[in-house]
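Reviewing the structure listed below.
The values are calculated or read from the model by the stated rules, or taken from the named source; none is laboratory data. None of these values were measured; they are calculated from a predicted model. Don't worry about glycine lacking a Cβ; one is built from the backbone with ideal geometry, like all the others, and counts go over all protein chains shown.
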Amino acid sequence: MAQFEPLAEEFKKIGAQMVFVAAEKRQGVHKPGRFLARHPISYPFLLDEDRRVTKAYGLYHGMGLAAFRIAHPATLVIDRESRVRYVYRGDHQLDRAPLAEVLEAVRKLADRKMEY
């Protein structure tokens, strides 16, 4: 999540909205409220406590060698019609989307919007 903070202003200029979704309970292991108090971000942070969003996008990781009932780390670019235009699904908890790829996907979507 922190990796995207430097891009927040650029996303805003493009007309994109960033949202961070964490498949975690409010009082879960990582205590998201406490973390955000120490590391503020400039975009909405939503907790998927019942894993509904995580499951809907096929990101739920029921069990694995390094995971148990959590989400695969993922980055999605979704257009205004709720269509997924880019997905990066990490194989493990430290596997994150390359920022350049995400920015390119957002720019393509913005360019496509300009064509209409």
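For the stretch 92-116, how many residues are outside any helix (DSSP H, G or I), at pLDDT below 90 and either more than 19 Å from V21 (Cβ to Cβ) or among the hydrophobic types (A, V, I, L, M, F, W, C) (or both)?
2
Could you tell me whether Q27 is at pLDDT below 80, in contact with a Pro (Cβ under 8 Å, 6 or more places away or on another chain) and of a type outside the set (K, R)? Don't jump to the end; show me each part of the working.
Details: at pLDDT below 80: yes; in contact with a Pro (Cβ under 8 Å, 6 or more places away or on another chain): no; of a type outside the set (K, R): yes.
So Q27 fails the test.
Which residues, taken from the stretch 10-35, are closer than 25 Å to V106 by Cα and either hydroxyl-bearing (S, T, Y) or without any contact (Cβ under 8 Å) to a residue 24 or more places away in the chain (or both)?
Across the stretch 10-35, the qualifying residues are K12, K13.
Has the stretch 43-51 got any residue that is part of a loop (DSSP other than H, G, I, E, B), at pLDDT below 85 and more than 21 Å from R85 (Cα to Cα)?
Looking through the stretch 43-51, none of the residues is part of a loop (DSSP other than H, G, I, E, B), at pLDDT below 85 and more than 21 Å from R85 (Cα to Cα).
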